[in-house]
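Just below is one structure, and these are the notes that go with it.
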Amino acid sequence: PFAPKPADKFTFGLWTVGNPGADPFGGPTREKLEPAKIVELLGDVPGVHGVNFHDNDLIPIDATDAEANQIKKDFRKALKRTGLKVPMATTDLFRDPVFKDGAFTSNDAEIRAYAVQKVMRAMELGAEFGAKTYVFWGGREGAESDATKDPVVAIKRMREAIDFLCQYSIDRKFGYRFAFEAKPNEPRGHIYNAVTGSYLAFIQTLKHPEMCGVNPEMAHEHMAGLNFVHQVAAALEAGKLFHIDLNDQEFGRFDQDYRFGSISYKHSFFLVKLLVDYKYDGLKHFDSHAFRQSNYDDVKAFARGSMRTYKILEHKVKQFNKDKDIQKLLRQINRKSKAAEQLVSKYSKSNANALLEREFDRKKLAERPLPYEELDQRVFDLMMGV
Ligand code: GLT
Ligand code: MN
Ligand code: MN
Ligand code: MN
């Protein structure tokens, strides 16, 4: 009953299921797979919609034209065989040493120009495979010491690069929508635009805000100790949720990229509830890695599990929305008053005067019951299937 369908728009990345399990203290535990092989692995997992990539996940940074053409040919064949799409593409602006001090915000004007050129080429590559969403994760855009960079200048440089690339996408008729992904730290000591809300503000200062939105990642906001659901809500309410990275993370820990739902059951439930209630129908990308102990069979279990968890939570959300007791409690705690609502819904001088005149029984209002313990326990019972 929890089988995913391509219409669910679940996606994975070449860099996620193809992650060979290295960490800062040890090398890879799985062999490196060619892009076409990763597509085939995903093809063995029913219900996947697509596979996303960074330019260099597909084509190594130093590949010759002949090598690039062969890789693309094999990749395209694998996509055809499996029916997988490439809905999103992005640029690797973090792995190569040239980006050790950032890309768009580097202190070196030539590196900034190179970064913009790299994105232009990567946008072309993504477009070749049909991608319509373009993600910007500024992993190296930051600093360890603020002696090294002016953070105001960094914002201006970022804006200049994005304005340039928006216009390029328009001129080339790629039809991209840009999605900015925040992260507070790792790999930099401090990354600029640390949380989704920062990008929501930044977007409004761009030349083409209409084609720009955000790609919030659950683990990134949890690293910052924030409530992810609220960040996503802000994006949704602003009409800016263009893409979402689902995964999990212990609060306050290093970047863990765990399987969606594996740690934060309750936050994951409320996240899915938000996406269901507000009818989000965009891409749902699992930006997570299987445990380092897993072999590729277990990586498939990881991919199946990610989608299954989402579908189970979706089912629980429907139960929540239908549950008579829960709905009764929700009606009880949301007290309506036509008169009060009319007074403050729209400003007018007469409303303002009427409001100033009105008497409120502060003590009585404070005494109205809010059975939140009861409601919250019902969520727990529901999730646990009790
Ligand atoms: C990297 C990062 C992710 C981003 C990817 C897009 S790359 O794995 O940790 O959160 O979404 O560049
Ligand atoms: Mn991560
Ligand atoms: Mn991440
Ligand atoms: Mn991500």
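For Lys118, the conditions (1) part of a loop (DSSP other than H, G, I, E, B); (2) of a type in the set (Lys, Arg); (3) surrounded by fewer than 23 Cβ atoms within 10 Å (Cβ to Cβ) all hold with the exception of (1).
With the structure loaded, tell me whether Lys80 is out of contact with any Asp or Glu (no Cβ under 9 Å at 6 or more places or on another chain) and surrounded by fewer than 21 Cβ atoms within 10 Å (Cβ to Cβ) or whether it fails that test. Yes; evaluated as a whole, the condition is true for this residue.
Kindly establish whether His243 is surrounded by fewer than 20 Cβ atoms within 10 Å (Cβ to Cβ) and closer than 21 Å to Tyr278 by Cβ. Quick ask: steps written out before the conclusion?
Values: surrounded by fewer than 20 Cβ atoms within 10 Å (Cβ to Cβ): no; closer than 21 Å to Tyr278 by Cβ: yes.
It is false that His243 is surrounded by fewer than 20 Cβ atoms within 10 Å (Cβ to Cβ) and closer than 21 Å to Tyr278 by Cβ.
Considered as a group, the residues in the range 171-199 that are more than 16 Å from ligand 2 (Cβ to nearest atom) and without any contact (Cβ under 8 Å) to a residue 40 or more places away in the chain include one that is surrounded by the most Cβ atoms within 10 Å (Cβ to Cβ), and that residue is Tyr199. For the range 176-191, a residue qualifies if it is away from ligand 1 (no atom under 14 Å from the Cβ) and closer than 24 Å to Arg121 by Cβ, and the qualifying residues are Tyr176, Arg177. Going by the conditions given, is Asp297 part of a helix (DSSP H, G or I), loosely packed, with under 14 Cβ neighbours inside 10 Å, in contact with a Lys or Arg (Cβ under 9 Å, 6 or more places away or on another chain) and acidic (Asp, Glu)? For Asp297, the condition - part of a helix (DSSP H, G or I), loosely packed, with under 14 Cβ neighbours inside 10 Å, in contact with a Lys or Arg (Cβ under 9 Å, 6 or more places away or on another chain) and acidic (Asp, Glu) - is not met. Here's a check for you: in the range 2-16, which residue that is at negative phi and assigned to a loop (DSSP other than H, G, I, E, B) is surrounded by the fewest Cβ atoms within 10 Å (Cβ to Cβ)? Looking at the filtered set, the residue picked out is Ala3.
Tell me yes or no: at least one residue of the range 280-292 is crowded, with 18+ Cβ neighbours inside 10 Å and of a type in the set (Lys, Arg). Yes - at least one qualifying residue is present in the range 280-292. The C-beta contact set for the range 340-353 (first residue in a helix (DSSP H, G or I), second residue β-branched (Val, Ile, Thr), distance under 9 angstrom, 6+ apart or interchain) comprises Asn351/Val344.
Yes or no: Tyr114 among the aromatic types (Phe, Trp, Tyr) and within 16 Å of ligand 4 (Cβ to nearest atom)? Answer is no for this residue.
Yes/no per residue for (1) modelled with pLDDT of 95 or more; (2) crowded, with 21+ Cβ neighbours inside 10 Å; (3) acidic (Asp, Glu):
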{"site": "Val86", "(1), (2), (3)": "yes, yes, no"}
{"site": "Asp96", "(1), (2), (3)": "yes, no, yes"}
{"site": "Lys100", "(1), (2), (3)": "yes, no, no"}
{"site": "Phe104", "(1), (2), (3)": "yes, yes, no"}
{"site": "Ala122", "(1), (2), (3)": "yes, yes, no"}
{"site": "Gly126", "(1), (2), (3)": "yes, yes, no"}
{"site": "Gly130", "(1), (2), (3)": "yes, no, no"}
{"site": "Ala154", "(1), (2), (3)": "yes, yes, no"}
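Listed by position, the helices (runs of 4 or more DSSP H) inside the range 197-288 whose residues that are charged (D, E, K, R) number at least 3 are 265-277.
Could you tell me whether any residue of the range 17-33 is surrounded by 15 or more Cβ atoms within 10 Å (Cβ to Cβ) and assigned to a helix (DSSP H, G or I)? Within the range 17-33, one or more residues are surrounded by 15 or more Cβ atoms within 10 Å (Cβ to Cβ) and assigned to a helix (DSSP H, G or I).
The values are calculated or read from the model by the stated rules, or taken from the named source; none is laboratory data. Bear in mind that the values here come from a model prediction, so they are computed numbers and not experimental data. Because the Cβ atoms are built from the backbone with ideal geometry, glycine has one as well, and the counts that use them run over all protein chains shown.
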